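One structure below.
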Amino acid sequence: MRSFEIPDYFTSELISKIKNFRRYADKRKEDFSPTLLDFGKVKFYIARHFGFCFGVQNAIEIAYKALNENPGKRIYLLSEMIHNPEVNDDLREQGINFIQDALGNQFITWNEITRDDIVIIPAFGTTLETMKILEEKGIDYRKYNTTCPFVEKVWNRSEIIGRKGFTIIIHGKHLHEETRATFSHVKESAPSLIVRNIDEAKIVANKIAGKIPTGEFLEIFKDKYSRGFNPEVHLNKLGVVNQTTMLAEETQAIANLLRNALKEKFGEANLKEHFADNRDTLCYATNDNQTATKKLLVTDADLALVVGGYNSSNTSHLYELLSSKFKTYFIKDKNELLSRNKIRHFCLKEKSVKISENYLPTKNEIKIAITSGASCPDSEVEAVIKKIVSLVDEESLRIKEPEISVLYL
Ligand code: SF4
């Protein structure tokens, strides 16, 4: 396993101990049972897999390398490095400026960027249009390009099926940096359409069945299809790829729905010509995090905590999974734990930050399921755990070494 150089303050002794304990006992990562971390009055059920993924560690290593190698130079990140406020704030404090916000709006105009500047491409990748601008300015953006190889894999997979005449359906959030980058690359080799969820996939299936007028379809998918997209022609041969951090089941459901719509239209015998059977393009980290989170659902936790940036796609899906069973709180860091009785958290449904009361039960032994997104430092998870313990029972934190064991389920 490759190791990365990332600042110590993003790592955690406690979490490393837990991860190493599990790694040692299960080298091939076959067991997704949670880990039990027992502080006596508070017990944590910790997901088997969580925290910084390969792509995030790679991006962080490259960004800090850019800082070390270029003293005195102006260093820019195209947009947020990853969706974690702690990491982004630290990069800003180190002197890195962000050119765009998460939606692609300019903080800094292109005129202000010169060939002497350093520009870092974030882990999500970027659009061909932005690459062209940087190239025209004479900026060597390849030197500090942190695009995750798993995102590039989606682009490559799409290109292969696109060259075979298939239209690419991208399951993703059309304003998300990664989906904007994927759409930009993919549309070069094939007609492309971004589908957000199963409801939008049903509209595509209805169009395949000829149940929706073309004008209406194009209006619904405004800004989500490639130039010259003709639904009468371009929905007859489809392949589905996804933003690497979507919910696995949702991508599968979308692929099945479209596959069935094409089977209805062209017949089972001709299906191969009309649907590219493409294994989903979620990355390993998304898969592992979601599998490990589903195992948390088997526990008898009193509540669940998900730690990560509020605009993090992969983290929000972990929240969705956990909230199907538990009262779940999506928090960005330990500061959201305002007191024993009050928590500030992100409400995904309302897209707003709320304060809730009495989030910790009043009983002798509290059981909490906890996980974090692929862009969340382990140090943040440790800080949350310790803050909870200190709010419930300061004494446990001071005198007791927590016990670590596997919660076989
Ligand atoms: S979540 Fe997956 S695709 Fe995204 S940066 Fe991490 S490894 Fe890469």
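The values are calculated or read from the model by the stated rules, or taken from the named source; none is laboratory data. What you see is a predicted model, and the numbers here were worked out from it, not measured in a lab. As a convention, Cβ positions derive from the backbone with ideal geometry for all residues, glycine included, and neighbour counts pool all protein chains shown.
Give me the residue from region 158-193 that is part of a strand (DSSP E or B) and not polar (S, T, N, Q) and, out of that set, farthest from His274 (Cα to Cα). Give the steps one after another, and end with the answer.
The first filter runs over region 158-193 and keeps only residues part of a strand (DSSP E or B), leaving 167-171, 192-193.
Restricting the remaining residues to those that are not polar (S, T, N, Q) gives 168-171, 193.
Working: Ile168: 12, Ile169: 13, Ile170: 16, His171: 18, Leu193: 16 Å.
Checked region 158-193; the qualifying residue farthest from His274 (Cα to Cα) is His171.
From Ala102, Ala66, which residue is in contact with an Asp or Glu (Cβ under 8 Å, 6 or more places away or on another chain) and more than 30 Å from Phe32 (Cα to Cα)? Show your work before the answer.
Details: Ala66 fails: in contact with an Asp or Glu (Cβ under 8 Å, 6 or more places away or on another chain).
Going through Ala102, Ala66 in turn, just one is in contact with an Asp or Glu (Cβ under 8 Å, 6 or more places away or on another chain) and more than 30 Å from Phe32 (Cα to Cα): Ala102.
Check whether at least one residue in region 265-274 is away from the ligand (no atom under 16 Å from the Cβ), under 29 Å from the mean Cα position of the chain (by Cα) and among the aromatic types (Phe, Trp, Tyr), and report yes or no. Step through it out loud before you land on a result.
Pass one, region 265-274, residues away from the ligand (no atom under 16 Å from the Cβ): 265-274.
Applying the additional criterion that residues be under 29 Å from the mean Cα position of the chain (by Cα) yields none.
No, every residue in region 265-274 fails to be away from the ligand (no atom under 16 Å from the Cβ), under 29 Å from the mean Cα position of the chain (by Cα) and among the aromatic types (Phe, Trp, Tyr).
For Ile82, are the conditions met, namely being within 16 Å of the ligand (Cβ to nearest atom) and either at pLDDT below 95 or assigned to a strand (DSSP E or B) (or both)? Give the derivation first.
Details: within 16 Å of the ligand (Cβ to nearest atom): yes; either at pLDDT below 95 or assigned to a strand (DSSP E or B) (or both): yes.
Against the criterion (within 16 Å of the ligand (Cβ to nearest atom) and either at pLDDT below 95 or assigned to a strand (DSSP E or B) (or both)), Ile82 qualifies.
Given Glu152, Glu129, which one is of a type in the set (D, E, K, R) and within 19 Å of Asn58 (Cβ to Cβ)?
Matching residue, one of Glu152, Glu129: Glu152.
Check off (1) surrounded by 15 or more Cβ atoms within 10 Å (Cβ to Cβ); (2) part of a loop (DSSP other than H, G, I, E, B); (3) more than 16 Å from the ligand (Cβ to nearest atom); (4) free of Cβ contacts under 8 Å to residues at least 60 places away in the same chain for Leu67 and give me the number that stays unchecked.
(2)
For region 124-150, what are the residues that are outside any loop (DSSP other than H, G, I, E, B) and within 16 Å of the ligand (Cβ to nearest atom)?
Asn145, Pro149, Phe150 - these are the residues of region 124-150 that are outside any loop (DSSP other than H, G, I, E, B) and within 16 Å of the ligand (Cβ to nearest atom).
From (1) in a helix (DSSP H, G or I); (2) within 17 Å of Leu409 (Cα to Cα); (3) not β-branched (Val, Ile, Thr), pick out the condition that doesn't hold for Ala285.
(2)
Pick from region 378-399 the residues that are among the small types (Gly, Ala, Ser) and in contact (Cβ under 8 Å) with a residue 12 or more places away in the chain: which of them is surrounded by the most Cβ atoms within 10 Å (Cβ to Cβ)? Give the derivation first.
Here is the first cut: in region 378-399, the residues among the small types (Gly, Ala, Ser) are 379, 383, 390, 396.
Now narrow it down to the ones that are in contact (Cβ under 8 Å) with a residue 12 or more places away in the chain: 379, 383, 396.
Working: Ser379: 21, Ala383: 19, Ser396: 16.
Looking at residues that are among the small types (Gly, Ala, Ser) and in contact (Cβ under 8 Å) with a residue 12 or more places away in the chain, I get Ser379.
Yes or no: Asn287 at pLDDT below 95, surrounded by fewer than 22 Cβ atoms within 10 Å (Cβ to Cβ), over 25 Å from Ser352 (Cβ atoms) and within 16 Å of the ligand (Cβ to nearest atom)? Quick ask: steps written out before the conclusion?
On the way: at pLDDT below 95: yes; surrounded by fewer than 22 Cβ atoms within 10 Å (Cβ to Cβ): yes; over 25 Å from Ser352 (Cβ atoms): yes; within 16 Å of the ligand (Cβ to nearest atom): yes.
Judged against the criteria, Asn287 is a match.
Out of all the residues in region 39-54, which are buried (at least 24 other Cβ atoms within 10 Å of the Cβ) and either among the aliphatic types (A, V, I, L, M) or within 16 Å of the ligand (Cβ to nearest atom) (or both)?
Step one: list which residues in region 39-54 are buried (at least 24 other Cβ atoms within 10 Å of the Cβ), which gives 44, 46-48, 50-53.
Scanning region 39-54 gives Ile46, Ala47, Phe50, Gly51, Phe52, Cys53.
Within region 112-132, how many residues turn out to be under 26 Å from Lys173 (Cα atoms), out of contact with any Asp or Glu (no Cβ under 8 Å at 6 or more places or on another chain) and surrounded by 15 or more Cβ atoms within 10 Å (Cβ to Cβ)? Quick ask: steps written out before the conclusion?
Going through region 112-132, the residues under 26 Å from Lys173 (Cα atoms) turn out to be 119-132.
Imposing the further condition that a residue be out of contact with any Asp or Glu (no Cβ under 8 Å at 6 or more places or on another chain) reduces the set to 119-121, 123, 127, 129-132.
If we keep only those that are surrounded by 15 or more Cβ atoms within 10 Å (Cβ to Cβ) as well, we get 119-121, 123, 127, 130-131.
Number satisfying all stated conditions: 7.
Within region 103-150, which residues are touching a strand residue (DSSP E or B) at 6+ places or on another chain (Cβ under 7 Å) and among the charged types (D, E, K, R)? Spell out the reasoning first.
Here is the first cut: in region 103-150, the ones touching a strand residue (DSSP E or B) at 6+ places or on another chain (Cβ under 7 Å) are 106-108, 113, 117-122, 134, 139, 141, 144-147.
Matches in region 103-150: Asp117 only.
Quick check on Leu318: is it of a type outside the set (Lys, Arg), in a helix (DSSP H, G or I) and away from the ligand (no atom under 16 Å from the Cβ)?
Values: of a type outside the set (Lys, Arg): yes; in a helix (DSSP H, G or I): yes; away from the ligand (no atom under 16 Å from the Cβ): no.
Against the criterion (of a type outside the set (Lys, Arg), in a helix (DSSP H, G or I) and away from the ligand (no atom under 16 Å from the Cβ)), Leu318 does not qualify.
Could you check region 163-177 and list, in sequence order, the residues that are buried (at least 23 other Cβ atoms within 10 Å of the Cβ) and either farther than 18 Å from Lys222 by Cα or within 16 Å of the ligand (Cβ to nearest atom) (or both)?
If the condition is that a residue be buried (at least 23 other Cβ atoms within 10 Å of the Cβ) and either farther than 18 Å from Lys222 by Cα or within 16 Å of the ligand (Cβ to nearest atom) (or both), then Phe166, Ile170, His171, Gly172, Glu177 are the ones that fit.
Would you check which residues across region 222-250 are away from the ligand (no atom under 16 Å from the Cβ), under 18 Å from Ala181 (Cα atoms) and not in a strand (DSSP E or B) and list them?
Of everything in region 222-250, those that are away from the ligand (no atom under 16 Å from the Cβ), under 18 Å from Ala181 (Cα atoms) and not in a strand (DSSP E or B) turn out to be Lys222, Asp223, Lys224, Ser226, Arg227.
Looking at region 324-345, can you tell me whether even one residue there is assigned to a helix (DSSP H, G or I) and within 16 Å of the ligand (Cβ to nearest atom)? Give the derivation first.
Here is the first cut: in region 324-345, the ones assigned to a helix (DSSP H, G or I) are 334-336.
Retained after the next criterion (residues that are within 16 Å of the ligand (Cβ to nearest atom)): none.
No; the residues of region 324-345 include none that is assigned to a helix (DSSP H, G or I) and within 16 Å of the ligand (Cβ to nearest atom).
Read through the list (1) within 15 Å of the chain's Cα centre (by Cα); (2) within 14 Å of the ligand (Cβ to nearest atom), then give the number of the only condition that Ile60 fails.
That leaves (1) as the condition not met.
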